[in-house]
1. What tally of residues in segment 34-45 results from selecting those that are assigned to a loop (DSSP other than H, G, I, E, B) and near the ligand (Cβ under 8 Å from one of its atoms)?
Amino acid sequence: MISDNQPNSVAADERVGKVFAVVSDDLRMCLICDQMFTRQGSFEHSKFPCHPASS
Ligand SMILES: [Zn+2]
């Protein structure tokens, strides 16, 4: 009997805890890397890890 306690509903849907500041209607600023994105762009950006810009 094979153990059947593995959840098979684990989707690869990691919500990255990104924070975007709303600059204007269609402009968001990522508070992590300080880059500006459109609404769509911020959605795409939130899928990937980003790092603070270090000078
Ligand atoms: Zn970012």
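The values are calculated or read from the model by the stated rules, or taken from the named source; none is laboratory data. Values in this document were obtained by computation on a predicted structure and should not be read as measured data. In this analysis, Cβ positions are derived from the backbone assuming ideal geometry, glycine residues included, and neighbour counts consider all displayed protein chains.
1. Final tally of qualifying residues: 2.
Residues checked against (1) at pLDDT below 85; (2) touching a helix residue (DSSP H, G or I) at 6+ places or on another chain (Cβ under 9 Å); (3) more than 9 Å from the ligand (Cβ to nearest atom); (4) assigned to a loop (DSSP other than H, G, I, E, B):
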| residue | (1), (2), (3), (4) |
| --- | --- |
| 5 | yes, no, yes, yes |
| 10 | yes, no, yes, yes |
| 15 | yes, no, yes, yes |
| 18 | yes, yes, no, yes |
| 21 | no, no, yes, no |
| 32 | no, no, no, yes |
| 47 | no, no, yes, yes |
| 50 | no, no, no, yes |
